[in-house]
Amino acid sequence: MRRVLLTPRWLAGHLLAVAACGVCLWLGWWQWGRAQHGGDLQNLGYALQWPLFGAFFIYAWVRVVRIELSRGSAESAQPATAPQPPAVPAARPAWAWEPPVAEDDEDDEELAAYNRHLAALHAQDALRPDRP
């Protein structure tokens, strides 16, 4: 068992999971009593459903603990390496799509300004390092 599972945060999680399961079992017992003392089929259904909810709480918590344990073992198994510098983006290939330049928009100055704005945005976007 790893030491991280005994920190106050994890202990609070353990207690919360056990408490949630206990509350679900208590609610199932309460619904069972209501079904036995004049309740209907709905109470019986809830009496069987609440323990399943409690079992799900325990299952989910065990899963979270296993993920934490596997993450910790994977981190300890990897050797510490120096951080690598970010990769330099390659230049765009010659076959990359370029937006067509409209030749007939000189008549409309507003449309020409909008197209120049879009072309500038496209050129600016092409220079971003996170773009292919």
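Determine whether D107 is over 34 Å from the mean Cα position of the chain (by Cα), modelled with pLDDT of 65 or more and open to solvent by 60 Å² or more (accessible area, probe 1.4 Å). It would help to see each step written out before you state the result.
Working: over 34 Å from the mean Cα position of the chain (by Cα): yes; modelled with pLDDT of 65 or more: yes; open to solvent by 60 Å² or more (accessible area, probe 1.4 Å): yes.
Spelling it out, D107 is indeed over 34 Å from the mean Cα position of the chain (by Cα), modelled with pLDDT of 65 or more and open to solvent by 60 Å² or more (accessible area, probe 1.4 Å).
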Seminar exercise, completed: Scanning the stretch 7-43 residue by residue, those over 24 Å from R66 (Cα atoms), in a helix (DSSP H, G or I), open to solvent by 40 Å² or more (accessible area, probe 1.4 Å) and not aliphatic (A, V, I, L, M) turn out to be W26, W29, W30, W32, R34, Q36, Q42
Exercise. Which of the following residues is under 30 Å from T7 (Cβ atoms), loosely packed, with under 14 Cβ neighbours inside 10 Å and at pLDDT 80 or above: A77, A120, A55?
Worked result: A55
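The values are calculated or read from the model by the stated rules, or taken from the named source; none is laboratory data. What you see is a predicted model; the values in this text were computed from it and never measured. Because the Cβ atoms are built from the backbone with ideal geometry, glycine has one as well, and the counts that use them run over all protein chains shown. In case anyone asks, the SASA skips ligands and DNA or RNA and just uses the protein heavy atoms, side chains included. Shrake-Rupley method; radii C 1.70, N 1.55, O 1.52, S 1.80 Å.
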